[in-house]
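Q: Input: one structure, supplied below.
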Protein chains: 2
Amino acid sequence: MIRLYDHPLSGNCYKVRLALNQLGVEYEKVTVDIFKGEQNSPEFVALNPNRKIPVLVDNGFVIWESNAILLYLGKRFSPNRIYSDEPKTFGRICQWLLFGKTTLDPALARARFMTRFVPEEARDPKELEALRESGRVALGVLNEHLKENEFLAGSYSIADIGCFAYVSTAEEGGVSLSDFPAVKRWCERVCSQPGYIPIY
Amino acid sequence: MIRLYDHPLSGNCYKVRLALNQLGVEYEKVTVDIFKGEQNSPEFVALNPNRKIPVLVDNGFVIWESNAILLYLGKRFSPNRIYSDEPKTFGRICQWLLFGKTTLDPALARARFMTRFVPEEARDPKELEALRESGRVALGVLNEHLKENEFLAGSYSIADIGCFAYVSTAEEGGVSLSDFPAVKRWCERVCSQPGYIPIY
């Protein structure tokens, strides 16, 4: 039995929901109300001492960090669909999943969080603009790659899922995709994959 | 032939040098002078559009993102030594490599950079203290895990290499390890592995 500790607004949780759906894996969801601080409860900290969602529990095996969960699910359920053990393809998948977490998500997820959930009077406008600019630089890197590649690592894979989540909500954070036409076309290709579900 | 685009002071490059040394893989180093902006040269941007070191080139296959390079090297050269394809161990390795990049490195690497390379009058003391505090929180998570585990993912692996690099330089950034005795003992175990080399 697979259980996902989830929140419906979290892009990081959405990655895992999308992968599970596309892999056809049944699971149950437990909503962790991060706006009420439930990630700091002793029960949750026992699962993830880093106090973040998502957490996946696969028959007692507990794993956290969204992009690591994608790699785990890929290996466990899909050797040859949205994951690959061929060294170069594997390396390329890992590269984009790490780029997602070092470069893309920190900018786009945080810009969205501030724009959607922090009251205007409590925001630092300089910080928000710096995040949006970092997001545009990261999208530029993605756009260059996607000009000549249909997907990030050969065929559609967890690398696309990992990077797509916060790109799909970029405009909620005040980052327009209109300057990144190859990224927009890639988003359309991701949305047309079998088993695709939107974030909400 | 393997080529590593490297800088001797970079913790991210050190991870790759350490892994290559422990795997016994021969390689040549090309120093990219990041203090002179050589990562912005057209030649380098053609290798890594994200303009960061390290970059590894393995017989024409170009890969970047330090922790992704560790996963690639693990799969390519060491199925059963410092890497594992067994799903749970693989998932655990990925979890800690992602934790390194989302939580540990952003705090410790940036605190070190500001402390070592930014002149005191140009630093934001509030930002620096916030980075140090984030580093201590991340070290606390690591410390809890290492109280009951010799290494991060079972036996010594690329997960340890990935997290060790900036832990080994934490004190250069003003973050003492003295409150994290299990982390200190783990550092000693990492340093006693065959093929270990220090950052400098």
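Taken together, the values in this text are just the output of simple stated rules run on the coordinates, not laboratory data. Nothing here was measured: the structure is a model prediction, and the numbers come from that model. Here the Cβ positions follow ideal geometry from the backbone for every residue, glycine too, while neighbour counts run over all protein chains shown.
Q: At 7 Å along Cα-to-Cβ for each site, give me the label-to-label distance between A:Asp33 and B:Phe113 in nm.
A: Going from the A:Asp33 label point to the B:Phe113 one covers 3.9 nm.
Q: Near the axis that takes chain A to chain B, which A residue has its beta carbon closest, and at how many Å?
A: A:Lys101, 3
Q: Can you list the aspartates and glutamates whose alpha carbon sits under 19 Å from that of B:Lys184, skipping same-chain ones fewer than 8 residues off?
A: Cross-link targets: B:Asp105, B:Glu133, B:Glu144, B:Glu148, B:Glu150, B:Asp160, B:Glu171, B:Glu172.
Q: Going Cα to Cα from A:Lys52, which lysines come in below 16 Å? Please leave out same-chain ones fewer than 8 positions away.
A: Within reach: A:Lys15, A:Lys29, A:Lys36, A:Lys101, B:Lys101.
Q: Have a look at the DSSP beta bridges in region B:1-122 and tell me what percent are antiparallel, nearest 5.
A: Counting only bridges with both partners in region B:1-122, antiparallel ones make up about 65 percent.
Q: Given a Förster distance of 35 Å, report the FRET efficiency between B:Cys191 and A:Glu121 from their Cβ-Cβ distance, rounded to the nearest 0.05.
A: After rounding, the FRET efficiency stands at 0.10.
Q: Let me ask something else about it. Out of region A:18-100, which GluC sites (Glu not before Pro) are coil in DSSP terms and have no more than 12 other C-beta atoms within 10 Å?
A: A:Glu26
Q: Along Cα→Cβ at 7 Å, what distances in nm separate the B:Glu172 label point from those on the other copies, shortest first?
A: Spelled out, the distances from B:Glu172's label point are 3.9 nm.
Q: Okay, moving on. Would any residue of region A:70-96 have its amide N under 19 Å from a label point 7 Å out along Cα→Cβ of A:Val137? List them or say none.
A: A:96, by backbone N distance to the label point.
Q: Give me the inter-chain shielding for A:64-75: mean count of other chain Cβ atoms within 10 Å, whole number please.
A: For this peptide, the per-residue mean of nearby foreign Cβ atoms is 6.
Q: Membrane-span-like helices in chain A: DSSP H runs reaching 30 Å or more (Cα, own axis), mean Kyte hydropathy at least -1.0?
A: Going by DSSP H runs, the hits are A:125-147.
Q: Then there's this: Quick one: of the DSSP bridges fully inside the protein assembly as shown, what percent are antiparallel, nearest 5?
A: Beta bridges within the protein assembly as shown, antiparallel portion: roughly 70 percent.
Q: Can I ask one more? Under 8 Å for C-alpha pairs, at least 6 residues apart: give me the relative contact order for region A:87-191, rounded to a whole percent.
A: For region A:87-191, the relative contact order is 40 percent.
Q: How far apart are the A:Glu133 label points across copies, placing each 7 Å from Cα toward Cβ, in nm, shortest first?
A: Between copies, matching label points for A:Glu133 lie 2.6 nm apart.
Q: Counting other Cβ atoms within 10 Å, which GluC sites (Glu not before Pro) in region B:128-200 have at most 16 and lie in a DSSP loop?
A: Within region B:128-200, the qualifying GluC sites (Glu not before Pro) (loop, at most 16 other Cβ atoms within 10 Å) are B:Glu148, B:Glu150.
Q: Find every distance from the label point of A:Asn149 to the corresponding label point in the other copies (7 Å from Cα along Cα→Cβ) and write them in nm, one decimal, shortest first.
A: A:Asn149 label point versus its equivalents elsewhere: 3.0 nm.
Q: Test of understanding: what is the full-extension gain from A:Glu129 to A:Tyr200, defined as 0.36 nm times their sequence separation minus their Cα-Cα distance?
A: 23.0 nm
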